[in-house]
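Peer 1: My questions all concern the structure below.
The values are calculated or read from the model by the stated rules, or taken from the named source; none is laboratory data. Since we're looking at a predicted model, the values are computed, not measured. Heads up, the Cβs are rebuilt from the backbone with ideal geometry, glycines too, and the neighbour counts pull from every protein chain shown. Accessible surface is based on the protein model in full, side chains and every heavy atom, while ligands, DNA and RNA are left aside. Shrake-Rupley method; radii C 1.70, N 1.55, O 1.52, S 1.80 Å.
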Amino acid sequence: MFPPNFISRTKALLPDEYNLLEAALDASPPVSIRMNPRKPCILSDLHRKTPCDEKVPWCKTGYYLPERPSFTFDPLFHAGAYYVQEASSMFLEQAIARIREEGDLFPDPVTALDLCAAPGGKSTHLQTLLPEGSLLVSNETVRSRSRSLSENMIKWGLPCQIITNNDPKDLGKLTSMFDIILADLPCSGEGMFRKDRAGRDEWSAEKVKLCAARQRRIVYDVWDTLKPGGWLIYSTCTFNTEENEENVYKLSGELGADVISIPVKPEWNTVGALQHGLPAYRFFPHRTRGEGFFLALMRKNRDSKDGVKIKCKDSRQPAIIPAEVKGMLSEPEKFVFFTRETTGSVFAVPEGLEDSYRLLSGQLHPVSAGVTLGEYKGRDFIPSISLALSTEINPGAFPSAELPDDRAIKYLQKETTVLPEDTPKGYILITCRHLPLGFVKNIGNRTNNLYPQEWRIRSRKNPWL
């Protein structure tokens, strides 16, 4: 059952369709994934019992699955070959296409911020849509969620990213830094009611009011970080107008922004704004194959005053790294190398982004950045999971061992990995279906599994065996 107040409010929005919406919210949710174009694999390799060949219409790399498989026991899921993402939220691709169409940002590299990024669905998507060489800053306020965000970004494997753990107000210091801000704002979650049954019990009109006020505060906190003429993508996963049209209407008027239209096809069955006549885009689960979603594209006035930019407060200098360590990347000359004083680990930031990294690390709390190659333990350099999963790894830097699915799962459970007798000693890159999963150290009579303890598969029951 739904709260009576939710029913009455939503019936007022959709008087002729409410019964269809309620039936959709009580049905099983659709399952969709988005492929990683930098880690290509054959679709038939995914979920051997669950073919995926039906495209998500508004996303070139999105696919529907006929049923929900056990993603936990698919090695390609852990390799970052795809991301499990709700289909409606893949509409982000059309917002970026509209920005690209405008032509004054792309094809040059841009600096983008995903403000409320965990667990990483939109960040991984945004990263594949930005021009080559762009920097994506993915921020999450909650510390535990920032770690899961970092894990998912590492698995996706692209290097032009920095993960931060900050309140939006902290980011407000970065005046006129970003060309694009994605604000997928925390909301009352009405659009996810069929996935989150507990959310129905927690819903209230007062919560809607509080969420709407919080959303405006978050946008106000970061507005000065957007360059004049920059773009803000405002989105929620809720139905009510307070958190959607009303907020966009207030923000655009008070902050001096235009709300920009996005081309859509009739067969997508999206719904326009329900108030104020703004160009905005709603996904209702009884109309489209996805969850509830709202998106509006806003552009900051080009004549807005460009704020005074802060200077870099992080004085750290690039580190001198041995050639054999640099050579773990396929094109080390395109990176600048740093070390973390607290851990001794070595990481690499794409050339041209080092000043942005130093500025951000001086102002914010970075969780991870670029590609972490590994760390020194005595004379030994231990390669990291970030390197193993990076699209920039040098495939010739390490011997590799290809494992079948069942043994790859045991590796991901952090069990001992048995290698062929002729495997050389040292660090071995473990692959499955020719995509890297991580490292082991072969010491002859046994191997040490280097897969991160906190990432391991905890379940021992593989439904596919």
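Peer 1: Report the paramagnetic label zone for Thr72: residues of the stretch 397-420 whose backbone N is under 16 Å from a point 7 Å from Cα along the Cα-to-Cβ axis.
Peer 2: 409-415
Peer 1: I've got another one for you. Could you look at the chain and say what percent of its accessible area is carbon and sulfur, using a 1.4 Å probe and all protein chains? Display every interim value, and only then the final one.
Peer 2: Working: 10100 of 20210 Å².
Ligands and nucleic acids excluded, carbon and sulfur reach 50 percent.
Peer 1: Can you give the local net charge around Leu278? Use residues other than it whose beta-carbon is closer than 15 angstrom to its beta-carbon, Lys and Arg +1, Asp and Glu -1. Provide the component values of the computation, followed by the final result.
Peer 2: Numbers: positive: Arg98, Lys250, Arg282, Arg299; negative: Glu242, Glu243, Glu245, Glu246, Glu254, Asp258.
Residues close to Leu278 contribute a combined charge of -2.
Peer 1: Follow-up question, since we're still on this one. What list of ³J(HN,Hα) couplings, whole Hz, do you get for the stretch 254-267 from phi and the Karplus terms 6.51, -1.76, 1.60, once you set θ to phi - 60° and write x for glycine and proline?
Peer 2: Ordered by residue, 3J(HN,Hα) equals 7, 9, x, 9, 9, 9, 9, 7, 10, x, 10, 9, x, 5 Hz.
Peer 1: At 1.4 Å probe size, with no ligands or nucleic acids counted, give the accessible surface of His434 in Å², nearest ten.
Peer 2: 150
Peer 1: Could you please put Lys209, Lys11 in sequence from largest to smallest accessible area, using a 1.4 Å probe?
Peer 2: Descending order: Lys209, Lys11.
Peer 1: Can you give me the solvent accessible area of Asp406 with a 1.4 Å probe, rounded to the nearest 10 Å²?
Peer 2: Accessible surface of Asp406 is approximately 70 Å².
Peer 1: From the Cα trace of the chain, what convex hull volume per residue do you get, rounded to a whole Å³?
Peer 2: Considering the Cα atoms of the chain, their hull volume per residue is 147 Å³.
Peer 1: Determine the percent antiparallel among the DSSP beta bridges restricted to the chain, to the nearest 5.
Peer 2: That works out to approximately 70 percent antiparallel.
Peer 1: Pull out the extension gain between Lys334 and Glu246, defined as 0.36 nm times the separation in residues minus the alpha carbon to alpha carbon distance; nm, one decimal.
Peer 2: Taking Lys334 through Glu246 to full extension adds about 27.1 nm, to one decimal.
Peer 1: Given the alpha-carbon gyration tensor of the stretch 187-282, what are the semi-axes of its equivalent ellipsoid in whole angstrom, ordered largest first, with each equal to the square root of 5 times an eigenvalue?
Peer 2: 24, 19, 11
Peer 1: Moving to a separate point now. In nm, give the distance between the simple-model label positions of Ile310 and Glu324, each being 7 Å from the Cα along the Cα-to-Cβ direction.
Peer 2: The answer from the label model is 4.1 nm.
Peer 1: Something else: Give the long-range amide H neighbours of Leu373: residues separated by 5 or more places, or on another chain, with amide H under 5 Å away, using H modelled in the peptide plane at 1.01 Å from N.
Peer 2: Residues meeting the amide H criterion: Val346, Phe347, Ala348.
Peer 1: For Glu246, Glu140, what's the largest-to-smallest order of accessible area, 1.4 Å probe? Could you put the intermediate results ahead of the total?
Peer 2: Working: Glu246 50, Glu140 15 Å².
The ordering from most to least exposed comes out as Glu246, Glu140.
Peer 1: Hey, another quick one. Mind checking the angle between helix 205-222 and the chain's longest principal axis? C-alpha axes, 0 to 90 degrees, to the nearest 10.
Peer 2: Compared with the principal axis, the helix lies near 60 degrees.
Peer 1: Give me the distance in nm between label points sitting 7 Å out from Cα along the Cα-to-Cβ direction at Glu206 and Lys377, one decimal.
Peer 2: Output for this residue pair reads 5.2 nm.
Peer 1: Please work out the average accessible area per residue across the stretch 1-159, using the 1.4 Å probe convention, and give it in Å². Display every interim value, and only then the final one.
Peer 2: Values: 6400 Å² over 159 residues.
Here the residues of the stretch 1-159 average 40 Å² of exposed surface.
Peer 1: For the chain, take the longest principal axis of its alpha carbons; what is the angle in degrees between that and the long axis of helix 354-363, to the nearest 10 within 0 to 90?
Peer 2: 70
Peer 1: Same structure, new question: Just to make sure I understand: if all protein chains stay in place, what is the order of Glu254, Glu54 by accessible area at 1.4 Å, largest first?
Peer 2: Heavy-atom accessible area, descending, gives Glu254, Glu54.
Peer 1: If you line up the long axis of helix 143-156 against the longest principal axis of the chain, both from Cα atoms, how many degrees apart are they, to the nearest 10?
Peer 2: Tilt of helix 143-156: around 70 degrees.
Peer 1: What whole-number value in cubic angstrom gives the convex hull volume per residue for the C-alpha atoms of the stretch 116-261?
Peer 2: Numbers: hull volume 18.3 nm³, N = 146.
Convex hull of Cα atoms, per residue: 125 Å³.
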